[in-house]
Amino acid sequence: MIELSHLEKSFQIGDQTVHALDDVSLTIETGEYVAVMGPSGSGKSTLMNILGLLDRANAGQYLLDDINVSDLTEAERTHVRSQKIGFVFQSYHLVSRLTARENIELPMMLSGVPAKQRALAVDEILEKLSLVDRAHHSPNQLSGGQRQRVAIGRAIVMKPSILLADEPTGNLDSTSGAEVTALLESLNAEGITLVVVTHDQAMGDRARRQLRMLDGRLT
Amino acid sequence: MYWPDIVKFITLVLSRQRFRTIVLWVAIAIGVVAVNLLTALGEGAKSYVLSEFNVLGRNTLITLPGKKETKGGMPPLTGESPRPLTLKDAQAVSRLAGVKAVAPLVLGNIEVSYSGKLREVLMMGSSRSFFDIRHLDVGQGRLLPDLPFNKGESVCVIGNKLSRELFASKPALGEWVRAGDSRFRVIGILKEGGTSFGFDMNDVMIIPVVNAQSLFNKDGLFRMFTEVRSHQELNNIKAKIIALIKERHEGEEDVTVISQDAMLSSVQKILDTLTYAVTGIASISMLVAGILIMNMMIITVSQRTKEIGLLKALGATSATVRLLFLSEAGLIAVVAALSGLLVSHAVLLLANSYFDDIQFHSPWWAQLGSILLAVLLALLFAWLPAQRASSLAPVEALQGKQQKGQA
Ligand SMILES: Nc1ncnc2c1ncn2[C@@H]1O[C@H](COP(=O)(O)OP(=O)(O)OP(=O)(O)O)[C@@H](O)[C@H]1O
Ligand SMILES: [Mg+2]
């Protein structure tokens with residue numbers, strides 16, 4: 001469960017202060033499917049980064065499964081992140097010198113899971129995402145939709161409880177976009193908490209809960 | 001993270017950024033090669049020179065005609081001086097208390113011939129004691145007879161190579177060899193041996209000293225070797241020799257007496273300085289390689305900021321990121337240093353097969369030191385960028401920013 005209360009985040013650009021998040025309070029239950037929408041610059045990505053422990057708020061409290069993650073050290077936050085949170089980015093962020101399989105394997109490798117265990121987990125995911133025949137391709141040999149599926153595979157390989165996707169279909173054509181959306185929703189159906197940032201009204205409407213942001217505030 | 005995974009990860013990085021990898025590799029390898037070859041050169045020169053000087057024992061004094069003056073006068077370069085060192089002087093010295101043996105030496109180049117075969121050789125005129133003092137021995141036959149210095153005999157001991165060249169496979173012992181207008185019977189053949197004092201002992205002919213004097217028609221000795229009974233007496237006897245010759249030469253102090261210790265210590269000092277200087281130069285080249293590594297690493301960090309952010313987002317701790325960068329530098333340093341070592345060994349092997357009488361070996365401390373230095377420098381210079389890389393906040397790194405909002 002995610003509980004945010006009175007989060008503040010501001011950026012200094014020259015001598016101007018931008019309030020990217022302004023008094024944001026929000027509770028997301030385990031297993032929810034939430035779409036975050038709003039105009040460009042409204043603070044959606046900033047919110048996602050803080051939810052994903054990639055960034056810290058200036059003020060306010062963030063409880064993740066009843067742990068106050070604002071108080072944790074960077075190393076502890078890294079540990080929590082690797083265990084509980086999976087990310088999907090708009091621009092995939094795959095490592096180009098690694099194959100699809102190795103990209104999916106990467107989080108497990110980084111957190112020291114033994115090779116045998118990794119192989120089993122990755123096999124399972126390749127099967128699930130219908131990427132078995134693409135396993136040994138490098139990212140530049142894959143289509144956009146396939147790349148995003150690999151990125152999703154990488155996000156869920158550690159079996160996180162939360163999946164954060166920041167405009168996952170933003171770079172995709174409508175067919176692959178629909179595929180990716182369906183995949184994310186099926187993961188949510190299996191129990192993962194899904195938070196999606198999207199500009200696509202149709203996708204937003206499919207979510208059980210919609211959040212709207214404007215100038216750093218939830219409306 | 002497991003070691004095999006780290007190695008796999010960084011080898012992928014290294015193989016992708018091939019240019020950078022090759023530059024680093026070559027720079028480090030050159031550093032290691034420089035250290036090893038230069039110290040091998042220094043050490044080789046040192047042991048060559050020392051072995052040349054070592055043939056004389058610690059108990060031996062060398063007397064040469066002429067006084068080494070610090071101001072004015074001609075140094076005794078040629079061994080010729082207004083007043084020669086004579087056989088009678090040598091006899092007088094041999095009678096001094098504490099002197100074990102004296103060997104006079106007369107030198108000259110001369111053509112020798114045997115049944116039509118002509119060879120130019122180095123002719124040494126000396127005595128039986130010469131063989132003891134210079135540690136020479138015959139492989140066949142016997143040494144020169146133990147005669148008083150002023151008694152001659154038409155016999156000779158010849159070097160190994162000379163024997164082969166004059167007699168081929170025929171037995172040489174008992175044969176007569178012509179030298180100038182005299183003939184000498186071969187009574188011994190020297191064992192195969194190296195050089196001493198720059199003379200190739202395989203290509204010499206040794207005859208009694210008076211025979212050599214009459215052959216070359218000169219009274220003076222080129223050198224006189226004196227072996228003392230005990231090392232403690234060396235300096236004492238050195239003074240006695242100088243005094244005795246001075247007395248015999250109408251009060252003129254016109255000889256120089258040197259000991260091996262004195263020669264060795266000054267030669268060794270020069271050679272040590274040479275080795276250190278050469279090692280210093282080589283170490284500087286290692287430092288340059290180290291700085292290159294640092295620059296490369298800094299560039300790498302900037303290029304790979306996004307990836308660092310990604311790795312952190314995927315659960316890599318700062319320690320893991322640092323470990324990745326350091327082991328990347330460490331791996332390339334180890335591989336490059338070892339290949340540098342391999343190259344130096346190959347070059348030394350080649351050099352050693354080309355030169356017979358001087359052998360180059362890079363000492364163990366240079367080999368170990370150059371590898372440790374390479375790895376240490378690589379780690380040291382990788383540390384700073386690695387530190388920087390790992391301290392980036394994940395979100396900033398992901399956005400490709402560098403160190404923004406850090407302070
Ligand atoms: N690292 C940063 N430094 C300075 N300002 C930033 C930074 N990140 C975000 N901002 C600012 O904070 C505000 C919110 O940005 P954010 O990226 O969260 O918007 P967004 O809703 O994701 O927009 P988009 O739909 O275009 O992705 C913007 O005004 C942006 O300029
Ligand atoms: Mg955004």
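The values are calculated or read from the model by the stated rules, or taken from the named source; none is laboratory data. Note that the structure is a prediction, hence the values are computed from the model and not measured. Every residue, glycine among them, receives a Cβ derived from its backbone with ideal geometry; neighbour counts consider all protein chains shown. The protein model used for the area step is the full one, side chains on, heavy atoms only, and it has no ligands, DNA or RNA in it. Shrake-Rupley method; radii C 1.70, N 1.55, O 1.52, S 1.80 Å.
Some points to look at:
- By the Cα gyration tensor, the protein assembly as shown has an equivalent ellipsoid whose semi-axes, rounded to whole angstrom, run 92, 26, 17 from largest to smallest.
- Point-to-point label distance, residue A:205-residue B:146, nm (Cα→Cβ direction, 7 Å offset): 12.5
- Label zone at residue B:51 (point 7 Å along Cα-to-Cβ), backbone N below 17 Å, the stretch B:169-192: B:191-192
- For the stretch B:211-250, pairs of C-alpha atoms spaced more than 14 angstrom apart make up 63 percent of the total.
- Overall form of the stretch B:182-247 per C-alpha gyration tensor (a/c, 1.5; a/b vs b/c): oblate
- For the pair residue B:361 and residue B:128, the difference between a 0.36 nm per residue extended length and the Cα-Cα distance amounts to 80.2 nm.
- P(r) weight above 33 Å for chain A, C-alpha pairs, percent: 15
- Charge sum, other residues only, whose C-beta stays under 14 Å from residue B:128's C-beta, Lys/Arg counted +1 and Asp/Glu -1: -1
- This model, with +1 at the C-beta of Lys and Arg and -1 at the C-beta of Asp and Glu, gives the protein assembly as shown a dipole about its Cα centre of some 1720 debye.
- Spatial separation of Cα centroids for the stretch B:258-313 and the stretch A:153-219, in angstrom: 55
- Interface residues, the stretch B:371-400 - accessible area loss of 40 Å² or more versus chain alone, probe 1.4 Å: B:394, B:395, B:398
- Listed residue pairs exceeding 24 Å between alpha carbons, taken from B:8/B:312; A:84/B:8; B:88/B:161; B:67/B:240; B:117/B:191; A:9/A:159: A:84/B:8; B:88/B:161; A:9/A:159
- Each distinct pair of alpha carbons in the stretch B:159-306 adds a 1/r term; the inverse of their mean, the Kirkwood radius, is 22.0 Å.
- The residue list A:199, A:108, A:30 was ranked by how far each Cα lies along the charge dipole of the protein assembly as shown toward its positive end, using unit charges on Cβ atoms, and A:108 comes out on top.
- Percent RCO, i.e. relative contact order, over chain B, from Cα pairs under 8 Å lying at least 6 residues apart: 27
- Counted as membrane-span-like here are DSSP H helices of chain B whose alpha-carbon atoms extend 27 Å or more along the helix's own axis and whose Kyte-Doolittle mean is 0.5 or above; these are B:18-54, B:260-303, B:318-354, B:364-391.
- Here is how the number arises for chain A: DSSP H runs of 4 or more residues each give -39500 (n - 2.57), the sum is divided by the residue count, and the result at 222 nm is -11000 deg cm²/dmol.
- Extension gain, residue B:270 to residue B:8: 0.36 nm times the residue separation minus the Cα-Cα distance gives 89.4 nm.
- The stretch A:50-168 - percent of accessible surface contributed by carbon and sulfur, probe 1.4 Å: 50
- At full extension, residue A:76 and residue A:159 could sit 28.1 nm farther apart than now, given 0.36 nm per residue minus the alpha carbon distance.
- Kirkwood hydrodynamic radius of the stretch B:328-387, from the reciprocal of the average inverse Cα-Cα distance over all distinct pairs: 12.9 Å.
- Stokes-Einstein D for chain B, Kirkwood Rh over Cα pairs, 37 °C, 0.692 mPa s (µm²/s): 124
- Under-5 Å amide H pairs with residue A:34, H placed in peptide plane, nonlocal only: A:194, A:195, A:196
- Under the Karplus curve 6.51 cos²θ - 1.76 cosθ + 1.60, θ = phi - 60°, whole-Hz ³J(HN,Hα) for the stretch B:99-107, x wherever Gly or Pro sits: 8, 8, 7, 10, 10, x, 9, 10, 10
- Percent of beta bridges antiparallel (DSSP, the stretch B:83-253, rounded to nearest 5): 75
- For the stretch B:80-223, alpha-carbon Rg over 2.2 N^0.38 Å: 1.01
- Mean-square fluctuations from a GNM of chain A, with a 10 angstrom spring cutoff on Cα atoms, peak among A:117, A:148, A:16 at A:16.
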